[in-house]
Amino acid sequence: MKGWIVKKPLTIEREDISRGENNEENLTKVKITKCLLTISDVLTYNGTNEQTDFALGSYGTGIVSESSDSTLTPGTHVYVRPYIPCNECNNCQNGAYGSCSDMKVAGVDYDGFLRDFTNVKPSDVFQLPESVSDLKALFIDYISLAVSIVDKLHVEKGDYVSVVGANYFGIILSQILIYYQAVPILCTQHEDSFKMAKDSGIYYVLGDEDNWQKEVLSITGGRMTSHVVYMANSDIPIVKAFSLASYGAKVIYTGESNKNASFSFHQAVKKQLEIVCVNNGYDNTEAAINLLANDAVDISRLKINCVSDNDVKTVLDDMNKTLLEKDFVHETVVETI
Ligand SMILES: [Zn+2]
């Protein structure tokens, strides 16, 4: 098995990764067909995450190659769940793996999906309905994380939710909120994200030229929002999210990267906000696949760059350059070989 390994900052090589293989019995062998590169991969590639020697890529789709599980016949299109619970914490010991205190993530803590084949437990392999393409399936984890957020917020029909950061996850989360009959107010500093969000069916999108606090005040009839979601990997200061919250509001801190940030809690303390961190959708993979099959999410307006396996180094260099210049980078799909 071969995968793209970060050897040192800005150096990636395609090499054998059989050494780290899981040797348990009854594993399912999956040929990876597509892998999604995200900001998290760029932060590993450029050395910010200070991790090396494992394959990048937290999200991958593929085709079953070998399996002893009768439901997973060779040729079946699948999504592989990118998490391994620690099996040691109190929650894992009680079988609540989705609430693991030290969840390991593919491409961050162990070899990810920027590779040719992987051997995984059948319970982490999810068959994809025909209507869910490989490209859509790469966003399953964004949707399962969005479902976790909706659960934590306890949103009800007609509730306004400020979503601060219109990266692809912010746009997908807003669509899921609409599906659950809430009303997202999506905030972005980027013109292209503004347009993509509008084209993706989000009604309230606030851009760089809008006064977000004033607009939210007007939309909510002076109440502000009692639900706020802040994208940790956006380039927007979190104080802007606090400014959209009503007194005692619930603020979700989330994101698909482990980018570090420092900020002042001053406004949050003043308003007695309830800050909740949500970092995975481990238990919601099947729900996410159903939502995709029911067209609850439309990714057709996202500008998704697709490249071949041989262009991995070039595309990571490009993504790193964009991140340095704009503090913001969109996902790229790699067709693996
Ligand atoms: Zn655990």
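Bear in mind that the values in this text are calculations on the coordinates, not laboratory data. As the structure is a prediction and not an experimental result, all values here were calculated from the model. We place every Cβ from the backbone using ideal geometry, glycine too, and count neighbours over all the protein chains shown.
Points to keep in mind about this one:
- Put simply, the convex hull of the Cα atoms in the chain casts, on average, a shadow of 16.8 nm².
- Coordinate range of the alpha-carbon atoms in the range 198-335 per principal axis, descending: 52, 37, 32 Å.
- Taking every DSSP bridge with both residues inside the chain, close to 55 percent are antiparallel.
- Shown for 48, 332, 225: other C-beta atoms within 10 Å of each C-beta, ranked fewest to most, produce the order 48, 332, 225.
- Semi-axis lengths, largest first, of the ellipsoid equivalent to the range 142-278 are 19, 17, 16 Å, with √(5λ) applied to each eigenvalue of the Cα gyration tensor.
- Extension reserve of the residue 274-residue 53 stretch, reckoned as 0.36 nm per residue once the Cα distance is removed: 75.7 nm
- Label point distance in nm, residue 93-residue 293, each placed 7 Å from Cα along Cα→Cβ: 3.8 nm
- For the peptides 272-279, 66-73, the ranking by packing is 272-279, 66-73, with the highest mean count of neighbouring Cβ atoms within 10 Å listed first.
- Lysines with Cα under 24 Å of residue 198, excluding same-chain neighbours fewer than 8 positions away: 136, 157, 214, 240, 303, 326
- Residue exposure proxy: 282, 160, ordered by other Cβ atoms within 10 angstrom of their Cβ from fewest to most, comes out as 282, 160.
- Helix-derived mean residue ellipticity, 222 nm - over the chain, DSSP H n ≥ 4, -39500 (n - 2.57), to 500: -7500 deg cm²/dmol
- Label-point gap, in nm, between residue 86 and residue 235 - each point 7 angstrom along Cα→Cβ: 3.5 nm
- Going by neighbour counts of Cβ atoms within 10 Å, the residues 297, 228, 120 line up, fewest first, as 120, 297, 228.
- For the listed peptides 188-198, 92-102, a ranking on the average number of other beta carbons within 10 Å per residue, highest first, reads 188-198, 92-102.
- Phi angles of the range 47-60 translate, via the Karplus equation with coefficients 6.51, -1.76, 1.60 and θ = phi - 60°, into HN-Hα couplings of x, 4, 6, 6, 10, 9, 6, 9, 6, 6, x, 8, 10, x Hz per residue; Gly and Pro are given as x.
- In terms of the mean number of neighbouring beta-carbon atoms within 10 Å, the peptides 212-218, 109-115 order highest first as 109-115, 212-218.
- Environment charge of residue 76, counting only residues whose C-beta is closer than 13 Å and scoring Lys/Arg +1, Asp/Glu -1: -2
- Segment residue 286-residue 131, extension gain: residue separation times 0.36 nm, minus the distance between their alpha carbons: 54.4 nm
- Virtual spin-label span in nm between residue 192 and residue 26, 7 Å along Cα→Cβ: 4.7 nm
- Between 270, 303, 29, the residue with the greatest mean-square fluctuation in the GNM of the chain (Cα pairs under 10 Å linked by springs) is 270.
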